[in-house]
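Each value in this text was obtained by applying a stated rule to the coordinates, not by laboratory testing. Being a predicted model, the structure only gives us computed values, none of them experimental. All Cβ positions, glycine included, derive from the backbone under ideal geometry; neighbour counts span all protein chains shown.
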Amino acid sequence: MQNLSMLDRLLAAAQRALQTVAGQSIASRPYPPLAAASKLEATAAEAPTVALSEPERRHAAALIRVDHVGEVCAQALYEAQALGAREPRVRAALERASREEVDHLAWTRKRLEDLGDRTSLLNPFWYAGAFTIGFLASRLGDRVSLGFVVETERQVEQHLLGHLERLPAHDHASRAIVAQMREDEQLHGLAARELGGTDLPAPARLAMRMAARVMTATAYYI
């Protein structure tokens with residue numbers, strides 16, 4: 001990607017946007033519920049299957065749908081920030097994180113299918129909005145853009161921890177996915193910090209939290 005022209009980058013970004021919204025992303029790592037060992041929930045794949053009640057199924061699916069929307073937004077943010085990055089090393093790091101987040105996108109989509117539910121009907125809207133925000137962040141410089149990644153991943157980590165607390169205790173499949181996602185988000189935030197990400201001002205952090213609340217509240221149902 002480093003030697004591509006801006007037109008090539010725009011075309012590649014458009015293709016990935018279509019793949020993301022159309023649900024065509026393919027994971028490069030094993031599906032956590034089927035993995036032999038998960039670092040945070042090592043027994044998830046080995047635990048006996050316990051059927052979810054209908055209210056539990058709907059609740060778990062709604063939480064995973066929210067997580068899937070988060071990954072749609074993550075793809076858009078990373079794509080836009082990479083597109084606007086100044087330094088090649090920053091662009092490469094953002095593109096690498098975006099590829100790793102594809103796993104999350106595929107995992108949450110598959111889990112929704114397993115639960116007999118759907119992704120958000122507003123995914124094109126979520127993608128477009130996040131892409132706009134990511135590109136605007138990139139225009140403020142690489143350090144601010146990386147700081148945006150740091151704060152985003154911090155908030156996502158807290159959000160996923162909340163979902164681990166809210167998911168049915170015996171929904172081992174969903175919990176294994178969310179646990180692995182949380183671990184990955186921690187690493188992405190640390191990587192952005194090490195690349196020089198700066199702390200965002202308090203008003204920006206607050207605005208990000210408020211926007212995330214609107215998204216999660218909406219995606220839970222739609």
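If you go through the range 70-89 and keep only what is more than 13 Å from residue 148 (Cα to Cα), surrounded by 24 or more Cβ atoms within 10 Å (Cβ to Cβ) and aliphatic (A, V, I, L, M), you end up with 72, 76. Within the range 169-207, being surrounded by 23 or more Cβ atoms within 10 Å (Cβ to Cβ) and within 18 Å of residue 138 (Cβ to Cβ) holds for 188, 192, 197.
Scanning the range 187-210 for residues that are assigned to a helix (DSSP H, G or I) and in contact (Cβ under 8 Å) with a residue 40 or more places away in the chain yields 188, 189, 191, 192, 193, 204, 205, 208, 209.
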